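The values are calculated or read from the model by the stated rules, or taken from the named source; none is laboratory data. Just so it is clear, the model here is predicted, and its values are computed rather than measured. Here the Cβ positions follow ideal geometry from the backbone for every residue, glycine too, while neighbour counts run over all protein chains shown. For the accessible areas, the whole protein counts, side chains as well, though only heavy atoms, and no ligand, DNA or RNA atoms are used. Shrake-Rupley method; radii C 1.70, N 1.55, O 1.52, S 1.80 Å.
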Amino acid sequence: MEQSGIVKILAISGSLRSASSNGALVRAAAELAPDGVDVRVYTALADLPHFNPDLDGDVPPVSVTQLRAELAASDAVLISSPEYAHGVPGALKNALDWVVGSGELVGKPVALINASPRATHAQAALSETLRVMSASLVTDASIAVPLTGRSLDARGIVADSDLSIALRSALVALAGAAASADPSVQTRSPGARD
Ligand SMILES: Cc1cc2nc3c(=O)[nH]c(=O)nc-3n(C[C@H](O)[C@H](O)[C@H](O)COP(=O)(O)O)c2cc1C
């Protein structure tokens, strides 16, 4: 965490679709970040090569180095992912595979946002993968934000009071978990107003 006490959250959508509801959700999270919290949206999921340990030598692919750097610079991670065929989208699982060995998620507070209440298999699989990677799942921050069938973009999510309150509460809980994990630098409660 920065000396300033700002909690940095990296938000990752598991969907590559340009009109993705999960993409809209992470962009809305960036707009809804409470005081003391900075949410940065990861935008390079599609740039990662297929995970191959042979590529992970002294000089890993640039996109992999950037992913690792963005995760390392974050105090917490927010993931919002669709479910495909009862599983985690390959692009997202691929990104996670790239950091199993390098360890940027070890001990990192992670929230899983579920935009589709039907999608229980992907959530369960993601939870298990993150657990075995020693990430710290923050249950208070892992919420359902039902968007299916609503065609909302980020602006629409921010404008919806129920959705924006739920998302902001999740961010406060996630930032609180990050601050507890590193209390030495935190100077004020996330979400506290001046
Ligand atoms: C190939 C494919 C497989 C899908 N499989 C499932 C599934 O197993 N369970 C489910 O709940 N939704 C499934 N869906 C629906 C998507 O999860 C849903 O449309 C989601 O909102 C897409 O996320 P996005 O808007 O962020 O791209 C599937 C969609 C596609 C295209």
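Quick notes on this structure:
- Most fluctuating residue given options 90, 101, 57, as computed from a GNM of the chain linking Cα atoms under 10 Å: 57
- Candidates 69, 91, 177, ranked by Gaussian network fluctuation over the chain, Cα under 10 Å, top entry: 69
- Once the Cβ-Cβ distance of residue 165 and residue 40 is raised to the sixth power relative to R0 = 22 Å, the FRET efficiency obtained is 0.50.
- Using the alpha-carbon positions of region 1-81, Rg (one decimal) and Dmax (whole number) come out as 14.1, 43 Å.
- D_trans [Stokes-Einstein, Kirkwood Rh over alpha-carbon pairs] for region 87-135, 20 °C, 1.002 mPa s, µm² s⁻¹: 190 µm²/s
- Legend: calculated FRET efficiency, residue 63 to residue 182, from the Cβ-Cβ distance at R0 = 30 Å, rounded to 0.05, equals 0.65.
- Largest-first ellipsoid semi-axes for the chain, taking √(5λ) over the Cα gyration tensor eigenvalues, angstrom: 24, 22, 14
- The length gained by stretching the chain between residue 56 and residue 18 to full extension, at 0.36 nm per residue less their Cα-Cα distance, is 10.8 nm.
- When the chain is treated as a Gaussian network with alpha carbon springs shorter than 10 Å, the biggest mean-square fluctuation among 95, 73, 11 belongs to 73.
- Accessible carbon and sulfur surface of the chain relative to its total accessible area, %, 1.4 Å: 51 percent
- Size of charge dipole - the chain - debye, nearest 20, with Cβ of Lys, Arg +1 and Asp, Glu -1, no other charges: 460 debye
- Amide H to amide H, with H built 1.01 Å from N, residue 78 comes under 5 Å of 10, 11, 12, 111, counting only residues 5 or more places away or on other chains.
- Rolling a 1.4 Å probe over the heavy atoms of the protein chains gives region 41-117 an accessible area of 44 Å² per residue.
- Surface accessible to a 1.4 Å probe, per residue, for the residues of region 132-177, Å²: 51 Å²
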